[in-house]
Amino acid sequence: MNITIVNGTEQKGCTFAMKELFLCAMGDGHNISEYYLPRDCPVFCTGCKACFFRSIVVCPHSEYTVPIWDSILKADLLVFASPTYVFHATAQMKALLDHFGTKWMAHSPEKPMFGKQAVIVANAIGQGMGKTAGDIKDSLDFWGVARTYVIKQALFQAKWDNVSAKRKAAIGKRCEKAAAKINSKKRVTPHIKIRWLFFIMKTAQKMIDKTERKAGRESTADYRHWKDNGWLDGKKPWRDK
């Protein structure tokens, strides 16, 4: 299995340890590509919209973003790991995800995403892991990722060595459960929520194009992307070749 990992911090602390527990549960023999933020994408999206109107390859930060996105496309499993900073994912994680807004279903999603699985690893000393996971899951869902599993835990400690053995064991069991589900799937199909989002976005594309045409404007790049893939004419990215 090809696995792409995005770490929301360069610190090898609690989040890193939880991610390693999950990888251990997945077993050996996987091809792993791993990125650490902000090292591997030290820039913020500037809102130039080049990716929306043209392609992510013309993004002013493409030297960072394109290799990561290419790795995501090639992966069977995505792992996003982030500690909780003020009830949310790290700023550097958000900065990376902002660069891929054009890949949301509302715009120009990529067909391979609808056959992928993902894991989100999040922790906090106290509260906020749900929002941290949510920050990441929003992008995964709207990219079309078929199945996403969340491993989150309040640690009540700032250092992994101080986390109780009982709590570590509980995290380990969650990791094993998620790994078992992932490894057992011979054919990955999208969750009902992902299918629902796809059909909502399909309807939206048709409505937007109708409005643009009525105003005498050309179809948007997003509409042309959906049309070229046949998704406006009955094809589905998780079923049709």
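Pull out the extension gain between residue 88 and residue 106, defined as 0.36 nm times the separation in residues minus the alpha carbon to alpha carbon distance; nm, one decimal.
Extra length from residue 88 to residue 106 when fully extended: 4.1 nm.
Can you figure out the FRET efficiency of residue 204 with residue 131, using R₀ = 22 Å and their beta-carbon distance, to the nearest 0.05?
Efficiency, rounded to the nearest 0.05: 0.25.
Between region 18-44 and region 63-131, how many Å separate their Cα centres?
12 Å
Kirkwood Rh over alpha-carbon pairs of the chain, then Stokes-Einstein at 20 °C and 1.002 mPa s: what D in µm² s⁻¹, rounded to an integer?
Using the Kirkwood radius from Cα pairs, D works out to 114 µm²/s.
Beyond 16 Å, what percent of the Cα pairs of region 121-171 remain?
47 percent
If the viscosity is 1.567 mPa s and the temperature 4 °C, what translational diffusion coefficient in µm²/s does Stokes-Einstein give for region 101-241 when Rh comes from Kirkwood over Cα pairs?
75 µm²/s
So what is log10(I(q)/I(0)) for region 193-241 at q = 0.17, 0.25, 0.28, 0.33 1/Å, when the Debye sum runs over its Cα atoms only?
-0.50, -0.93, -1.08, -1.27
With only alpha-carbon atoms counted, please give the Rg and Dmax of region 67-121, in Å.
Rg, Dmax (Cα atoms, Å): 12.1, 34.
Cβ under 12 Å from residue 4's Cβ, residue 4 left aside: what net charge do those residues give with Lys, Arg +1 and Asp, Glu -1?
So the surrounding residues net to -2.
Please list, ordered by chain and number, the residues whose modelled amide H lies under 5 Å from the amide H of residue 6; skip anything fewer than 5 residues away on the same chain.
Placed amide hydrogens put 35, 79, 80, 81 under 5 Å from residue 6.
Where a number appears in this text, it was derived from the coordinates with a stated rule and is not lab data. Since this is a predicted model, take the numbers as computed values, not measurements. Ideal geometry is used to build each Cβ from the backbone, glycine not excepted, and the neighbour counts take in all protein chains shown.
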